[in-house]
Structures are given as structure tokens and as C-alpha cells.
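Enquirer: Before anything else, here's the structure in question.
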Amino acid sequence: MVTEGPYTHQASDTAYNFTKAALNQGHEIYRVFFYHDGVNNGTRLTTPPQDDRNIVDRWSELAQQHDLDMVVCVAAAQRRGIVDADEAKRNSKDVDNIAPGFRISGLGQLIEMGIQSDRTMVFGD
Amino acid sequence: MEEAAQTSGVVKRFMYVNRHAPYGTVYALEGLEVVLIGAAFDQDVSMAFIDDGVFQLIKGQDTKDTGMKNFSPTYRALGDYDVNKLYVEKESLEARGLSESDLMELTWEDEDDDWAEKPSIHIVDKNKLADLLAEQDVVLNF
């Protein structure tokens, strides 16, 4: 679980590095769940300076390479304006902003991953 | 719930560790939302309150001048969701000049004991809390 947003806090960087290292070591990552301000890791509208890392793109690429399940909590996302096409339609928004590789779902996905996985880790403050 | 059906039979020990004051940041409110959703999965659930997290259980919370929602009544519903093991760290209370009498009286009804009303809050010292944390399968901190 990632509970802090990009750039403000190191949590997302650490989670990314940990996830990548675990995958390279042959471990299975059942799911990455984004909660609290962590949902802000899932907007494709992020445009960091070119000489800095692109935290959102990095997650999207990792998801594509490893078929990683990355879930953004719907309730936390609604509060913070992270929207996919379905949510945009449901809430009459003129645009969606979810980044590739992320999907919006419920908190049940967090509990379920705790039950299914050998270990659950929290990257936050 | 769909996920709950898929995981039926597996019971793990979940502990939700609350470390932040109820207002000022969203951690407590959104943490409580996880606990309520998690209750549908029939797991062995407990909560811990440490550091400023002990303020979440203070009685008589009044937020009307702050524009924030007072969600403290939700803690009273936890017993009905079978969330009835709330461990409050003694040292965190003492460091803030608080005692058990400053906390809400939270109870649950034990169906195996003729629905007797029992306290949900347990004051434990840091060593006991460390033991409890070590026993968990899943620790989610907020």
C-alpha cells in the first residue's frame, strides 16, 4: 500500500524501488494499492521537470512490463479528483485523468490483498 | 461482497494501527473507512491507538467551528461490526496527560455470553502492544 503522493514524499519512490527489486528477485507482487494522497500517483496529467524522474510514468511502465495490478481507492480518488472514464461519466466530469496501468476500485481490494499475500507492506509517513 | 466471497475460509489477524489525531490530517478518517469495509471479510480484527492516535477516542469531540465532519460517533458502531479489540497504548495516554476516563466508553455485545455488554477498549503498555503487533499477519498503519 502506498499512502503518500508523488514528489512531496519519498513513499512512492521507495515503494517503486522495492516493487521493482522484488519482481527482479522473482517474487510475485499480488497488487499495489494506492490510498490517502497516494492516489495522486495515478494521474497521467503529471508533468515533472525533464531533469527529474517521472514517478507516474515509472509506475505505468512497471505495470506494463510485469502485468502488475495497480489499484487506486475509489473513495480516496473521488476526494482528490482522480477519475477514470466510468467515474467521469458517473459524476458528470468533462475529463478523466487516470494513468495507464492504474485502475479504480474499492477498499475491499486492500483487505483481499492482505488475505491473499504472504506479506503486506505499507509505504507512507 | 465479491472479494469477501472469494476469500471465504481464510482468517488472518489484521491490526489497524492509528497514529494520528482525528483532525488536522485525513489519516484517521480514511483509516476508519478501511476498518468498516474490512469488517465484511470476517477476519480476526483489532485496532491499536498510539502516539496522537489516542486522541481519536477522546469523548466529547466537537468540530463545529472547524468546518470538519465529526466522525467520532462512528467508533461507537465498531462493536456492531465485530471490531471489539481496541488497544490503547498506556504510555501514549500518559505522555498527553490523559487517562481511560477521558476516552469514549465503547462496548460490544458478546453473543457467546448471553449478549453481555463488554468493554472494547483495553489499555496496554508498550511491551504488551509490541507482543500483539508481533502476532499479526497483516498490519496496516494510518
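Taken together, the values in this text are just the output of simple stated rules run on the coordinates, not laboratory data. On a predicted model such as this, the values are computed, not experimentally measured, just so you know. Glycine also receives a Cβ, built like all others from the backbone with ideal geometry; neighbour counts cover every protein chain displayed.
Enquirer: P(r) for the protein assembly as shown, please, calculated from all Cα pair distances in 10 Å bins and given in %.
Expert: 6, 27, 33, 23, 9, 1, 0
Enquirer: Using modelled amide H (1.01 Å from N, peptide plane; none on Pro or chain starts), what sits under 5 Å from the amide H of residue B:87, excluding residues fewer than 5 places away?
Expert: Answer set, sorted by chain and number: B:47, B:48, B:49, B:122.
Enquirer: Any idea what the dipole of the protein assembly as shown comes to, in debye rounded to 20, about its Cα centre with Lys/Arg Cβ at +1 and Asp/Glu Cβ at -1? Each step should come with its number before you reach the end.
Expert: Working: 25 positive and 47 negative charges, 185 e Å.
So the magnitude is around 880 debye.
Enquirer: Order the peptides B:40-47, A:22-29, A:80-87, A:116-123 from the highest to the lowest mean number of other Cβ atoms within 10 Å of their residues. Let's see the in-between values first.
Expert: On the way: B:40-47: 19.5, A:22-29: 11.2, A:80-87: 17.4, A:116-123: 15.5.
So the peptides B:40-47, A:22-29, A:80-87, A:116-123, ranked by packing, come out B:40-47, A:80-87, A:116-123, A:22-29.
Enquirer: Follow-up question, since we're still on this one. For residue B:107, which sequence-distant residues (separation of 5 or more, or a different chain) have an amide H within less than 5 Å of its own amide H, given hydrogens modelled in the peptide plane?
Expert: So residue B:107 has HN proximity to B:120.
Enquirer: Need one value for A:21-32: mean number of C-beta atoms belonging to other chains within 10 Å of its residues' C-beta atoms.
Expert: On the way: counts 0, 0, 0, 0, 0, 0, 0, 0, 0, 0, 0, 0.
Partner Cβ neighbours, averaged per residue: 0.
Enquirer: Rank the residues A:59, B:108 as a footprinting-exposure proxy: fewest other Cβ atoms within 10 Å of their Cβ go first. Please report the intermediate quantities before stating the final value.
Expert: On the way: A:59 26, B:108 20.
By the 10 Å Cβ count, ascending: B:108, A:59.
Enquirer: Based on the mean of other beta carbon atoms within 10 Å per residue, what is the order of A:62-74, B:57-69, most packed first? All intermediate terms of the calculation are to be shown ahead of the outcome.
Expert: Working: A:62-74: 18.4, B:57-69: 11.3.
Descending mean neighbour count gives A:62-74, B:57-69.
Enquirer: Mind sorting B:51, B:110 by how few other Cβ atoms lie within 10 Å of their own Cβ, fewest first? Intermediate values should be presented prior to the final figure.
Expert: Working: B:51 16, B:110 13.
Lowest count first: B:110, B:51.
Enquirer: Follow-up. In a solvent-free Debye calculation with one equal scatterer on each Cα, what is log10 I(q)/I(0) for segment A:11-116 at q = 0.20 Å⁻¹, listed in the order of the q values?
Expert: Cα-only, vacuum Debye calculation for segment A:11-116: -1.07.
Enquirer: Another one. Only bridges with both residues in the protein assembly as shown count here: give the DSSP antiparallel percent, nearest 5. Numbers along the way, then the final one.
Expert: Details: 6 of 32 bridges.
Antiparallel: roughly 20 percent of the beta bridges in the protein assembly as shown.
Enquirer: Out of B:122, B:60, A:15, whose Cα points farthest toward the positive end of the dipole of the protein assembly as shown (charges: +1 Lys, Arg; -1 Asp, Glu; placed on Cβ)?
Expert: A:15
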